[in-house]
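A.B. asks: This is the structure I have questions about; it appears just below.
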Amino acid sequence: MGKMYYKRKLVIVFTIIGISLGLYVYSAFSQKLTKSTDLSDESIGGFKVLDNISSPEFIREYGEPIDQDNNNAYDYYYWKGGLKTASIKTDEDKGKIMRLIISSTDDAQFENSLQTSKGIKLGSKKADVLSKYGDHYYKSYEQGADIIGYIDHKRNITLEFWCVPGGRVAEIRLDDAGVI
């Protein structure tokens, strides 16, 4: 029983690793194959990827961060109004926004006034996303969410809508496509 049990356990572990790796590769490959969507006007809360959290405009709108997450790659900040950003940590690009996120909390699942440039906000229907942004999207599934993503290959920007069961948007991410 010992050797057989060990072999089964190894098979299960390698199967899980293989499936996870396959899903990651599929997601990255899917983005590359997806036709480009013009996201040049896209913003969240009036700000775009590559704007700076130290700019007078950003400070005037959001003030000081409410909280911060420790991360090796980026500075993640929480701002008033439910905005979360990931920005560059060092050098001359310090504060440059690489990711803008609107997400819900368990307390107030869809209560947030922030929205995309086309009016999609938390609680919007998946059908509304497709109607406003079109059919050139990639799909992914992560952390229990059905993800619909749009990519602007020219600007290297992605816009993702994370939908919960029932087809409602529970998180929106506007990213530099290189963000990991």
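The values are calculated or read from the model by the stated rules, or taken from the named source; none is laboratory data. From a predicted model like this one, the values you see are computed outputs, not experimental measurements. Every residue, glycine among them, receives a Cβ derived from its backbone with ideal geometry; neighbour counts consider all protein chains shown. Remember, those area values only see protein heavy atoms, side chains included, never the ligands or the DNA or RNA. Shrake-Rupley method; radii C 1.70, N 1.55, O 1.52, S 1.80 Å.
A.B. asks: I need a count of the residues in segment 54-108 that are open to solvent by less than 80 Å² (accessible area, probe 1.4 Å), in a loop (DSSP other than H, G, I, E, B), within 26 Å of Gly123 (Cβ to Cβ) and among the β-branched types (Val, Ile, Thr).
C.D. replies: The number of residues fulfilling the criteria is 1.
A.B. asks: Moving on to the next point. What are the pairs with Cβ atoms under 7 angstrom where one residue, in segment 33-59, is over 10 Å from Asp152 (Cβ atoms) and the other, located anywhere, is assigned to a loop (DSSP other than H, G, I, E, B) and of a type in the set (Ser, Thr, Tyr)? Sequence gap at least six, or different chains.
C.D. replies: Close Cβ pairs (under 7 Å, with a partner that is assigned to a loop (DSSP other than H, G, I, E, B) and of a type in the set (Ser, Thr, Tyr)) amount to Thr34/Tyr137; Asp41/Ser117; Ser43/Ser117; Ile44/Thr116.
A.B. asks: Which fully enclosed strands (runs of 3 or more DSSP E) of segment 113-169 have 2 or more residues being out of contact with any helix residue (DSSP H, G or I) (no Cβ under 6 Å at 6 or more places or on another chain) and within 22 Å of Trp79 (Cα to Cα)? First the steps, then the outcome.
C.D. replies: Details: elements: 138-142, 145-152, 157-164.
Correct list: 157-164.
A.B. asks: What number goes with the only condition from (1) farther than 16 Å from Ala177 by Cβ; (2) surrounded by fewer than 16 Cβ atoms within 10 Å (Cβ to Cβ); (3) modelled with pLDDT of 90 or more that Asn156 does not pass?
C.D. replies: Against the list (1) farther than 16 Å from Ala177 by Cβ; (2) surrounded by fewer than 16 Cβ atoms within 10 Å (Cβ to Cβ); (3) modelled with pLDDT of 90 or more, Asn156 comes up short only on (1).
A.B. asks: Return the total of residues in segment 130-153 being of a type outside the set (Gly, Ala, Ser), without any contact (Cβ under 8 Å) to a residue 60 or more places away in the chain and open to solvent by less than 50 Å² (accessible area, probe 1.4 Å).
C.D. replies: 3
A.B. asks: Kindly evaluate Gln31 against the criterion of being open to solvent by 80 Å² or more (accessible area, probe 1.4 Å), modelled with pLDDT under 90 and closer than 21 Å to Val179 by Cβ.
C.D. replies: no
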